[in-house]
Amino acid sequence: ELMWQDILASPLVGMDETSLQVLKEPGKKNATKSYMWVFRGGGGERPVVMFRYTPGRGSEFVNREFSGYTGAIMTDGYQGYDELGSKEGVVHAACWAHVRRKFMEALKGNADQSLAHAVIEFIRQLYAVESDIREQGYGPEKIHELRQKISLPVVRKVEELLKKQVHHIAPKSLTGKAISYTLNLWARLCVYCDNPLIPIDNNPVENAIRPFVVGRKNWLFSGSP
């Protein structure tokens, strides 16, 4: 409980969720999916990672637990986070690694891949800035300066490119889906340029939940809640 309070007191919380199958759960069929959520907060010097289980993927859980939260949250594009991100005092950030993943998938398609290549190159430039920030150990003021000077113009180039091409690419193609995903989350993808506390992606949270995902592939299901 003290660890959970640390997370709720954090100025930045990353969150993610993954499905699992749970048997002998009251009121549910065995084949119905349940969900394990992971939350990461506590700051950089003493990070806290906690797992919370729920029978469903509904947003009621996060909205209830974070009802009074103020600060920044970083999530993927799952709609269950939308209500939480729209609360007063909450800054909702999205993950550029998810965007890159979508366009990497688009490279596997048979259509023209030039747009996907261009977006991935722009994202590489954004990550080069973040790599420099980590290597040099810059503080918040310098991080904000670099992101405003170098990253923000690149972000605007991505937006300009996608808005120019969105009506020329089949929406159900892999590239079209990648464009739609990115533009739907655009405001959340930009906020990290204005807030040095917010990272470019949610990778620390995904790394935290990965052992559970790998384990699930081996044990397949849980016998009971």
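What follows draws every value from the coordinates through simple rules; no lab data is involved. On a predicted model such as this, the values are computed, not experimentally measured, just so you know. Backbone-built Cβ (ideal geometry, glycine too); neighbour counts: all protein chains shown.
Helix 174-184 and the longest principal axis of the Cα set of the chain meet at an angle near 80°.
Directionally averaged projected area (segment 90-212, Cα convex hull): 8.6 nm².
Per-residue extension of 0.36 nm, minus the Cα-Cα distance of Ser67 and Ala9, leaves a gain of 19.6 nm for this segment.
The value given for segment 170-225 is a Kirkwood hydrodynamic radius of 14.6 Å, derived from the mean inverse Cα-Cα separation.
Only one residue of Leu161, Ile200, Ile150 has its Cα farthest out toward the positive end of the dipole of segment 143-220, where Lys and Arg carry +1 and Asp and Glu -1 on Cβ, and that residue is Leu161. The slack between Arg101 and Val213, meaning 0.36 nm per residue of separation minus the straight C-alpha distance, is 38.5 nm.
With both labels modelled 7 Å from their Cα along Cα-to-Cβ, the Glu159 to Lys172 distance reads 3.1 nm.
Shape verdict for segment 1-108, please, from the Cα gyration tensor: rounded (a/c under 1.5), prolate (a/b greater than b/c) or oblate. Oblate, because a/c is 1.5 or more while a/b does not exceed b/c. The alpha-carbon atoms of the chain define a convex hull whose volume equals 151 cubic angstrom per residue. Between segment 1-68 and segment 158-215, the C-alpha centres lie 22 angstrom from each other. Annotation: lysines with alpha-carbon distance below 25 angstrom to Lys102 (same-chain offsets under eight excluded): Lys33, Lys157, Lys163, Lys164, Lys172, Lys177, Lys217. Between Phe122 and Ser86, the C-beta separation translates, for a Förster distance of 41 Å, into a calculated FRET efficiency of about 0.90.
Remark: segment 21-61 is approximated by an ellipsoid whose semi-axes, taken from the C-alpha gyration tensor as √(5λ), come to 29, 10, 6 Å, largest first.
Taking a ≥ b ≥ c as the square roots of the eigenvalues of the Cα gyration tensor of segment 55-149, is the shape rounded (a/c under 1.5), prolate (a/b larger than b/c) or oblate? It comes out oblate by the Cα gyration axes. On a 0 to 90 degree scale, rounded to 10, what angle separates helix 203-219 from the longest Cα axis of the chain? So the inclination is approximately 50 degrees.
Two numbers describe the Cα atoms of segment 116-187: Rg and Dmax, which are 14.4, 43 Å.
Against the longest principal axis of the chain, how steep is helix 114-136, in degrees 0 to 90 to the nearest 10, with axes from Cα atoms? Between helix and principal axis, roughly 80 degrees.
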